[in-house]
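Presented below is the structure to which this report refers.
What follows draws every value from the coordinates through simple rules; no lab data is involved. All values derive from a computational prediction rather than experimental measurement. All Cβ positions, even for glycine, are placed from backbone atoms using ideal geometry, and neighbour counts span all protein chains on display.
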Amino acid sequence: MTPEENTGERLPERKTHREELTTDQQIRRRTLKAFAWFGLAALVPAGIWKWITTRPRAGGIPAPFRKALQANEAVAGSYFSPTHLAPTFPKERAARKVRVNGWDGLKTALDPEAWRLQVEQPGKPALQLTLDDLKTLPKQEIIFQFKCIEGWSQIQHWGGVRFADFVEKYDLGRRPGSGERFGYVGMKTPDGGYYVGIDMPSALHPQTLLAYEMNGEPLTVPHGAPLRLIIPVKYGVKNLKRIGHIWFSDDRPRDFWAERGYDYHVGL
Amino acid sequence: MKKLVYKHPPAIRWFHWINVPILFVMIWSGTLIYWAYDPYKIQIGDTVLIQFFPDSFYQFFRLRRRLAEGMAWHFVFMWLFMLNGLLYVLYTLIFGEWRYLVPNRHSFREAWQVTLHDLGLRKTAPPQVKYNGAQRIAYSAVILMGFGSLLTGLAIYKPTQFAGLTGLLGGYETARLEHFILTVGYVLFFFVHIAQVIRAGWNNFRGMVAGFEVQEDRSVVSPQPADPQP
C-alpha cells in the first residue's frame, strides 16, 4: 500500500517506511548507525594527538603548544597587577638550609673583585657597576615562598635592591626616542651559560629584587654570588644567579629553559 | 513486546565522550608534572602503604623527565576541560537534566540500598527513573570535583595573582596536594564506573552511545495469552 492509497492519514514517506520496520530492525539499525558514528568520532582525538605530536617543534615542544602558551601569557597579562603581591612570612619561617637546584652558568670560577654588573642599552654607553654602587639604593628584604617549576617550594629570606629602584636611579629600560619602556629585560651570567628573558611588568613588580644577601649574609657562590635575581612573580628558573649582563629590548631575549621546552612566561 | 525508550539526550552523550580523551590528557600530563616533585604517600606510622609513585610505575608508563612536555599539554588542554565542563553544567541547568542528576532527599537512603544490592547483600534494587541515588551522588560529586580541580589548579598555576584563592585553599603546597587527591578521585571513579557499566550490561552502555534503551513495553497488550493468575 502506498501512502496515497492510505486515505486516513498522510504521513511523510520516510516515516511510513520506518513504520514498516519491526522494533528489532529499528534497534539494529539505530545501534549500528550510532556505533559507526562513535567509531568515526573516536578517530578525531586520535587524529588530534597525531597532528600535535608530528608538528614541527618550537623551543622543544610542538609549535601549536608554543602558540597556545603565548595565548595563555596574553590572558595572564590581562590580570597581572603590580599590586598583586606574593604572600610574605615572618623571618623565623625562612629556611636555614636553602635549596640549591642548578649550576648552569656557575661552572667557571669567578673573581668577586673583578666582577662588574654590565648594563647595556641602545643609544647609551654601557654601565659597569660594582656591588657598592648598587648598595647605595635602599635595601629591601623579602621572606616569601620560592617556587620551583619542578613543584617544590621553600620559604626563603633575601635582601637586595628593588629592580624598579635600580632602573629608576640609572634611568634604564626606556627607548631613546619615545621614552617608553622596552618590552623585556634580558639577563645572563658572566660566562653566558645561563640566561633569562623577563617581561618588563614582572621585572618592575615591587617584589622583584637584585639580591646580594640571603638570610642576612652576603650571597654564597651556590646561591648566585655576588648578585642574583629574586623574582617572586616567576618560577625559580627565572631567578638568575650571578648576574653578569643586563640589557633591554622589545624582542624576547633568549631564555635558557624556554629553549628546552618550557613556557617563556612562567608567571605565577 | 520491546520498545525503544529515549534515554540520554545527544548533548549529554557528547559532553560525556568528549570529556574522556580530555580528562585522560589532563591526568597523563598531570602525572608528567607530578614526577618532577613526587612526595605524596599514604603511610601508617613508618609503614608506607601506597607510594605515589614507585619508579617502576613511571618507567612502565614512560613518565620520567617529561616535565616541560607535561606542562605544555596540561596548560593547553585545561581550557578544553574547563569549557566542556562548564557547557555540560549549563546544559543540565537550562534543559532541566539536573533534575535527574542532583541528589534529592531519597538519594542517600537509596544509594545505601543500591550499594547493598550491588554487594549482593540485598535482593532487590530500588526502582529508579534515570539514575539511582548512588548514581546521582556519584555524578554530582564528580562535577563538584571538576570545579575543585579548576580552583586548586588555578591556585597553583597563579599563586601570586590569585594569592587570596591559594590562601583560602590552605596555601600553595596544600592546594597542590588537593589537586592531586582530586585526580586520584577521578581514577577511583573511573574504575568503579567501568565496573558498574560492565555490570549494567549492553543495553545501558548502548544508551550512552546511541541514546536509547530497549525496554519491555507493558502498555501494549501482549499477543500471548496471559498466564492465569494464581
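Each residue of segment B:96-103 was assigned a 3J(HN,Hα) from its phi angle through the Karplus curve 6.51 cos²θ - 1.76 cosθ + 1.60 (θ = phi - 60°); the sequence is x, 5, 4, 4, 7, 9, 6, x Hz, with glycine and proline shown as x.
FRET efficiency for the B:Thr124 to B:Arg99 pair, using the beta carbon distance and R₀ = 22 Å, is estimated at 0.35. Within the shell defined by Cβ-Cβ distances under 12 Å, the residues around A:Arg228 carry a net charge of +2, with Lys and Arg each +1 and Asp and Glu each -1.
List the longest stretch of chain A that has no exposed loop site; here a site is one of the GluC sites (Glu not before Pro) assigned by DSSP to anything other than H, G, I, E or B, with at most 15 other Cβ within 10 Å. Maximal segment without exposed cleavage sites: A:10-112. Rounded to 0.05, the FRET efficiency of the B:Ile194 and A:Glu213 pair, given R0 = 56 Å and the Cβ-Cβ distance, is 0.50. Restriction of the trypsin sites (Lys or Arg not before Pro) in segment B:121-200 to DSSP coil positions whose beta-carbon has at most 11 other beta-carbons within 10 angstrom yields B:Lys123. Taking 7 Å steps out from each Cα toward its Cβ at B:Leu168 and B:Leu83 produces label points 2.6 nm apart. Under Stokes-Einstein, with the Kirkwood radius over Cα pairs as Rh, the value for chain A at 20 °C and 1.002 mPa s is 96 µm²/s.
Comparing mean-square fluctuations of B:Gln128, B:Gln196, B:Gln43 from a GNM of chain B with C-alpha springs under 10 Å, the top value falls on B:Gln43.
Extending 7 Å from the Cα toward the beta-carbon at both B:His16 and B:Glu216 defines two label points whose distance is 2.4 nm.
Count Lys and Arg as plus one, Asp and Glu as minus one, and take only other residues whose Cβ is under 12 Å from that of B:His117; the net charge is then +1.
Straight-line cross-link reach from B:Lys130 at under 22 Å between alpha-carbon atoms covers these lysines, not counting any fewer than eight positions away in the same chain: B:Lys2, B:Lys3, B:Lys7.
A simple rule links phi to the HN-Hα coupling: the Karplus curve 6.51 cos²θ - 1.76 cosθ + 1.60 with θ = phi - 60°, which for segment B:5-17 gives 10, 5, 10, 10, x, x, 4, 4, 5, 4, 4, 4, 6 Hz, with x for Gly and Pro. Computed over the Cα atoms of the protein assembly as shown, pair by distinct pair, the Kirkwood hydrodynamic radius stands at 27.3 angstrom. Using θ = phi - 60° in the Karplus curve 6.51 cos²θ - 1.76 cosθ + 1.60, the 3J(HN,Hα) couplings for segment A:75-81 round to 4, 4, x, 6, 10, 5, 8 Hz; x is entered for Gly and Pro. Segment B:Tyr40..B:Thr115, full-extension length gain: 24.0 nm, with 0.36 nm per residue of separation and the alpha-carbon distance subtracted. In terms of other Cβ atoms within 10 Å, A:Asp255, A:Asp132 run from fewest to most in the order A:Asp132, A:Asp255.
Where does the charge balance sit around B:Val184 when Lys and Arg score +1, Asp and Glu -1, over other residues with C-beta under 15 Å from its C-beta?
That works out to 0.
Among A:Lys139, A:Lys241, A:Lys97, the largest mean-square fluctuation in a Gaussian network model of chain A (Cα springs under 10 Å) belongs to A:Lys97. Springs join every pair of Cα atoms under 10 Å in this Gaussian network model of chain A, and among A:Ser249, A:Ser178, A:Ser78 the largest mean-square fluctuation is at A:Ser178. A cut-off of 5 Å between modelled amide H atoms, ignoring neighbours fewer than 5 places along the same chain, links A:Gly183 with A:Ser249, A:Asp250.
Extension gain, A:Asp133 to A:Arg252, is 40.0 nm, computed as 0.36 nm per intervening residue step minus the present C-alpha separation.
Can you give the FRET efficiency for A:Glu259 and B:Val187, using 1/(1 + (r/R0)^6), R0 = 30 Å, r = Cβ-Cβ distance, to the nearest 0.05? Rounded to the nearest 0.05, the efficiency is 0.30.
Would you order B:His193, B:His74 from fewest to most other beta-carbon atoms within 10 Å of each residue's own beta-carbon?
B:His193, B:His74
Ordered by the number of other Cβ atoms lying within 10 Å of each residue's own Cβ, fewest first, A:Ile52, A:Ile231 fall into the sequence A:Ile52, A:Ile231. The slack between A:Ala42 and A:Glu120, meaning 0.36 nm per residue of separation minus the straight C-alpha distance, is 22.6 nm. Computed from the C-alpha gyration tensor, the three semi-axes of the ellipsoid equivalent to chain B are 40, 21, 18 Å, from longest to shortest.
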